[in-house]
């Protein structure tokens, strides 16, 4: 269940994501949870602390504490920055010191609408044509798809590190690190 | 309360000044506009647990600041662009306790004697303000040795045949070489180059109460989760543990207050948004070569050279894709470098002459591998080939690069001033950067690039290319994916130098008409204001500026304390 997008938008987002990073033998964007990453980012301020920065120093995947799942508290300026980025300036004077800012929520709402209410029913080639026609939005979507796919799972994508395993990447390795031999030898 | 010194900025320069001054018995207040993710100021042996191997947080979400929405900068190539051509992130060195030391991968070379004497060694260059420094290597050497011990530097004396003399060994032996660097060092040597283990501020053994680096591979752009990196944590710990230093984070200095003859303190805005004045007998400014001149200009100081001669290394990036996997995600981002391109040899002289220049100098060449997977993924096109490319990983696991940090000559037109209209979230004018490389940098880049392509081919590269940062108009770069891969000149954004090595802007010298500060960083017009960062550099050499700015800060602070 999406936390910020509505169900129709989430379906379109999922269909679009699966064209950008399709599944093959291993998970594509949808199987890895990328739409949840994006929806969680758009709704970052619906949870406390906002899901902007995962904590440290380790995730627990290679020992140590599960610090990534404790998200950082934001300062007033951090919150201003991330509300501007996600929600936009919304005409609020304290967010418009350099003029209006269009937030990601608006970008997604408009971009998903531009893909069309029939997007999910199109065949793949037609979906790709729509994605190319909305190039500016698709560029933002692809940037976020890559983050959700290959970022830490605590942000909502890369479920069970499926995307890291597919590329033989261990991800965060503290406190394990790598031995001298692992660094210096083939 | 009036402290002996207010120190603006908690990065390597400010932290070092704090350490030296508190050791001399001074009381200091260190002011940092960013957040504190480094240590507990009340119990500085307790280090924070906020850093992590998290690409999202460090590389895509501005965790170390500055956030370009809150603290933007503006950029233009020249006045022909109008008031500005771009608003956003321009050369963002972290805005956080520890400053640029926190995200750097900690290569900390010394300069060599001739780097301080370019004018007398090689002579002037047209349209550049080449000059000698008012301090030379021999004078600075004891401070280099001291700050290598403070930061904790691993290295191998004698490994670099072109290195300057040194009074003692490195505090720690060199760390583990990366596999790719083992290959690239052998190939470079076979071509007559002289690679060596880079002097690195990452612990190769437990040092000063902090552990040895465990090669996690998240070094450049990341804070160190186990505090094995020589970000200025040690100097901040030393200063705070004297009980004579206070650290105010999330506090912005908006103005240096003066009575016309000397500084009397600073105006600050704290995390509560309230403005107040802190009295101080001395003001040490270490905001970096962009924020330092911005503060001086916000304070109404009027020396015509404030902000001038901004320098940023001109990067020549020679990339090869190898048949085998190099796993550069293990280790310290860069473990080997060579100095050969710093030499003004017969070939370099001939290339200079052919271009109508008296001489050219390149810079330190880093042997480095690919980055992290989110960034890699964004380079590949979307669609059915995406996952195959990620699995095959030409741009991460099979990539090797020689990156030259080319000497950038000082030009009066390259500068920092105050943007006429763009503001930060607190309402203050932001720094505007006006910058374009000198012809010298382009000629040096074109001269030194090709031989690195030959080394990459010797290593077995199946595909190679050369690009630069900044890109220059007319430049186009090949991509292995058919399209231009983002590597072609696309206006001002690609003209913004990627190098985080910023220098110049309050040049030091003995003559108040041609310099802003003296040989000890004291402002000619306000002698109780000391600049303790790379703003004071006269020329840029081709080496990362950190160790030199720290040595200068230690020397300036020692002089200040008498």
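The values are calculated or read from the model by the stated rules, or taken from the named source; none is laboratory data. Predicted, not measured: the structure shown is a model, and the values here were computed from it. No Cβ is skipped: glycine too gets one built from the backbone with ideal geometry, and neighbour counts run over all protein chains shown.
Given the criteria touching a residue at least 60 places away in the same chain (Cβ under 8 Å), within 20 Å of residue A:53 (Cα to Cα) and either within 14 Å of chain A (Cβ to nearest Cβ) or buried (at least 24 other Cβ atoms within 10 Å of the Cβ) (or both), does residue B:62 qualify? Steps first, please.
Working: touching a residue at least 60 places away in the same chain (Cβ under 8 Å): no; within 20 Å of residue A:53 (Cα to Cα): yes; either within 14 Å of chain A (Cβ to nearest Cβ) or buried (at least 24 other Cβ atoms within 10 Å of the Cβ) (or both): yes.
No: the conditions fail for residue B:62.
Residue B:167 is checked against (1) over 30 Å from residue A:63 (Cα atoms); (2) within 23 Å of the chain's Cα centre (by Cα); (3) not in a helix (DSSP H, G or I) and fails just one. What number does that condition carry?
Just one mismatch for residue B:167, condition (2).
Of everything in the stretch B:83-136, what is under 14 Å from residue B:65 (Cα atoms) and either free of Cβ contacts under 8 Å to residues at least 12 places away in the same chain or in a strand (DSSP E or B) (or both)? Give them in sequence order.
Selection gives B:88, B:96.
Does the stretch B:22-41 contain at least one residue that is closer than 30 Å to residue B:265 by Cβ and without any contact (Cβ under 8 Å) to a residue 60 or more places away in the chain? I'd like the intermediate steps shown before the answer.
Filtering the stretch B:22-41 for residues closer than 30 Å to residue B:265 by Cβ gives B:22-41.
Now restrict to residues that are without any contact (Cβ under 8 Å) to a residue 60 or more places away in the chain: B:40.
Checked the stretch B:22-41: at least one residue is closer than 30 Å to residue B:265 by Cβ and without any contact (Cβ under 8 Å) to a residue 60 or more places away in the chain.
Which of the residues belonging to the stretch A:91-105 are loosely packed, with under 15 Cβ neighbours inside 10 Å and part of a loop (DSSP other than H, G, I, E, B)?
So the first thing to find is which residues in the stretch A:91-105 are loosely packed, with under 15 Cβ neighbours inside 10 Å, and the list is A:91-94, A:96, A:99-100, A:102.
Answer for the stretch A:91-105, where residues must be loosely packed, with under 15 Cβ neighbours inside 10 Å and part of a loop (DSSP other than H, G, I, E, B): A:91, A:92, A:96, A:100, A:102.
Hey, residue B:413 hits all of (1) in contact (Cβ under 8 Å) with a residue 12 or more places away in the chain; (2) buried (at least 17 other Cβ atoms within 10 Å of the Cβ); (3) not in a helix (DSSP H, G or I) but one; which does it fall short on?
So the condition that residue B:413 fails would be (2).
Could you check residue B:80 against (1) surrounded by fewer than 23 Cβ atoms within 10 Å (Cβ to Cβ); (2) part of a loop (DSSP other than H, G, I, E, B) and say which number it fails?
If we test residue B:80 against (1) surrounded by fewer than 23 Cβ atoms within 10 Å (Cβ to Cβ); (2) part of a loop (DSSP other than H, G, I, E, B), just (2) comes out false.
Among the residues in the stretch B:408-417, are any within 14 Å of chain A (Cβ to nearest Cβ), modelled with pLDDT of 95 or more, in contact with a strand residue (DSSP E or B) (Cβ under 9 Å, 6 or more places away or on another chain) and farther than 24 Å from residue B:354 by Cα?
Scanning the stretch B:408-417, I find no residue that is within 14 Å of chain A (Cβ to nearest Cβ), modelled with pLDDT of 95 or more, in contact with a strand residue (DSSP E or B) (Cβ under 9 Å, 6 or more places away or on another chain) and farther than 24 Å from residue B:354 by Cα, so the answer is no.
Residue by residue through the stretch B:509-546, note down the ones that are surrounded by fewer than 24 Cβ atoms within 10 Å (Cβ to Cβ) and touching a helix residue (DSSP H, G or I) at 6+ places or on another chain (Cβ under 8 Å).
B:520, B:522
List the helices (runs of 4 or more DSSP H) inside the stretch A:119-179, counting only whole elements, that have at least 3 residues being out of contact with any strand residue (DSSP E or B) (no Cβ under 8 Å at 6 or more places or on another chain), surrounded by fewer than 24 Cβ atoms within 10 Å (Cβ to Cβ) and more than 9 Å from chain B (Cβ to nearest Cβ).
On the way: elements: A:124-133, A:135-150, A:162-166.
Once the helices (runs of 4 or more DSSP H) in the stretch A:119-179 are filtered for at least 3 residues that are out of contact with any strand residue (DSSP E or B) (no Cβ under 8 Å at 6 or more places or on another chain), surrounded by fewer than 24 Cβ atoms within 10 Å (Cβ to Cβ) and more than 9 Å from chain B (Cβ to nearest Cβ), what remains is A:124-133, A:135-150.
When only residues in the stretch B:357-373 that are more than 15 Å from residue B:539 (Cβ to Cβ) and over 22 Å from the mean Cα position of the chain (by Cα) count, which is farthest from the other protein chains (Cβ to nearest Cβ)?
B:357
Go through B:501, B:447 for me and flag whichever is at pLDDT 95 or above and in contact with a strand residue (DSSP E or B) (Cβ under 8 Å, 6 or more places away or on another chain). Walk me through how you get there before you give the answer.
Details: B:447 fails: in contact with a strand residue (DSSP E or B) (Cβ under 8 Å, 6 or more places away or on another chain).
It is B:501.
Evaluate the following for residue B:67: is it touching a helix residue (DSSP H, G or I) at 6+ places or on another chain (Cβ under 8 Å), closer than 17 Å to residue B:221 by Cα and in a loop (DSSP other than H, G, I, E, B)? Write out each step before concluding.
Numbers: touching a helix residue (DSSP H, G or I) at 6+ places or on another chain (Cβ under 8 Å): yes; closer than 17 Å to residue B:221 by Cα: yes; in a loop (DSSP other than H, G, I, E, B): yes.
Taking the combined requirement at face value, the residue satisfies it.
If you go through the stretch A:3-37, how many residues are under 19 Å from residue A:118 (Cα atoms), facing another protein chain (nearest Cβ under 9 Å) and over 14 Å from the mean Cα position of the chain (by Cα)?
Residues flagged as under 19 Å from residue A:118 (Cα atoms), facing another protein chain (nearest Cβ under 9 Å) and over 14 Å from the mean Cα position of the chain (by Cα) within the stretch A:3-37 amount to 1.
Looking only at the stretch A:12-52, which residues are touching a helix residue (DSSP H, G or I) at 6+ places or on another chain (Cβ under 7 Å), under 30 Å from residue B:227 (Cα atoms) and in a loop (DSSP other than H, G, I, E, B)?
Scanning the stretch A:12-52 gives A:50, A:51, A:52.
Counting only residues that are in contact with a helix residue (DSSP H, G or I) (Cβ under 6 Å, 6 or more places away or on another chain), in a strand (DSSP E or B) and modelled with pLDDT under 95, which one in the stretch B:450-477 is surrounded by the most Cβ atoms within 10 Å (Cβ to Cβ)? So that I can check it myself, show each step before the final result.
First pass over the stretch B:450-477, keeping only residues in contact with a helix residue (DSSP H, G or I) (Cβ under 6 Å, 6 or more places away or on another chain): B:455, B:458-459, B:464, B:466, B:468, B:470-471.
Filter once more, so that each one left must be in a strand (DSSP E or B): B:464, B:466, B:468.
Those left that are additionally modelled with pLDDT under 95: B:466, B:468.
Working: B:466: 20, B:468: 26.
Within the stretch B:450-477, the match that is surrounded by the most Cβ atoms within 10 Å (Cβ to Cβ) is B:468.
Which numbered condition trips up residue B:325, out of (1) more than 14 Å from chain A (Cβ to nearest Cβ); (2) more than 21 Å from the chain's Cα centre (by Cα); (3) touching a residue at least 60 places away in the same chain (Cβ under 8 Å)?
Result: residue B:325 passes all but (1).
Only strands (runs of 3 or more DSSP E) wholly contained in the stretch B:200-304 count here; list those with 1 or more residues that are closer than 30 Å to residue B:512 by Cα. Break it down into steps so the answer makes sense when it comes.
On the way: elements: B:245-248, B:252-258, B:263-269, B:275-285.
Because the criterion is at least 1 residues that are closer than 30 Å to residue B:512 by Cα, the strands (runs of 3 or more DSSP E) in the stretch B:200-304 that meet it are B:252-258, B:263-269, B:275-285.
If you take the residues in the stretch B:335-366 that are touching a strand residue (DSSP E or B) at 6+ places or on another chain (Cβ under 7 Å) and in a helix (DSSP H, G or I), which one is surrounded by the fewest Cβ atoms within 10 Å (Cβ to Cβ)? Spell out how you get there, then give the answer.
Let us first name the residues in the stretch B:335-366 that are touching a strand residue (DSSP E or B) at 6+ places or on another chain (Cβ under 7 Å), namely B:335-339, B:341-342, B:362-366.
Checking the rest, the ones that are also in a helix (DSSP H, G or I) come to B:341-342.
Details: B:341: 28, B:342: 24.
Looking at the filtered set, the residue picked out is B:342.
Restricting to the stretch A:53-76, count the residues that are free of Cβ contacts under 8 Å to residues at least 12 places away in the same chain, within 10 Å of another protein chain (Cβ to nearest Cβ) and assigned to a loop (DSSP other than H, G, I, E, B).
From the stretch A:53-76, those free of Cβ contacts under 8 Å to residues at least 12 places away in the same chain are A:60, A:65-66, A:75-76; that's our starting set.
This time we only want the ones that are within 10 Å of another protein chain (Cβ to nearest Cβ), so: A:65, A:75-76.
Imposing the further condition that a residue be assigned to a loop (DSSP other than H, G, I, E, B) reduces the set to A:65, A:75.
Matching residues across the stretch A:53-76 total 2.
Scanning the stretch B:182-223 for residues that are at the interface with chain A (Cβ under 9 Å from one of its Cβ atoms) and either over 23 Å from residue B:397 (Cα atoms) or in contact with a helix residue (DSSP H, G or I) (Cβ under 9 Å, 6 or more places away or on another chain) (or both), which turns out surrounded by the most Cβ atoms within 10 Å (Cβ to Cβ)?
Of all residues in the stretch B:182-223, those at the interface with chain A (Cβ under 9 Å from one of its Cβ atoms) come to B:182, B:213-218, B:223.
From what is left, the residues that are either over 23 Å from residue B:397 (Cα atoms) or in contact with a helix residue (DSSP H, G or I) (Cβ under 9 Å, 6 or more places away or on another chain) (or both) are B:182, B:215, B:217-218, B:223.
Working: B:182: 18, B:215: 24, B:217: 26, B:218: 24, B:223: 29.
It comes out as B:223.
For the stretch B:381-407, which positions are more than 29 Å from residue B:535 (Cβ to Cβ), more than 10 Å from chain A (Cβ to nearest Cβ) and assigned to a loop (DSSP other than H, G, I, E, B)?
Within the stretch B:381-407, B:394, B:395, B:398 meet the criteria.
Check whether at least one residue in the stretch A:102-117 is over 18 Å from residue A:44 (Cα atoms), touching a helix residue (DSSP H, G or I) at 6+ places or on another chain (Cβ under 7 Å) and within 12 Å of chain B (Cβ to nearest Cβ), and report yes or no.
no
Test residue B:276 against the criterion of being surrounded by fewer than 20 Cβ atoms within 10 Å (Cβ to Cβ) and touching a helix residue (DSSP H, G or I) at 6+ places or on another chain (Cβ under 8 Å), and give yes or no.
On the way: surrounded by fewer than 20 Cβ atoms within 10 Å (Cβ to Cβ): yes; touching a helix residue (DSSP H, G or I) at 6+ places or on another chain (Cβ under 8 Å): no.
The answer is no for residue B:276.
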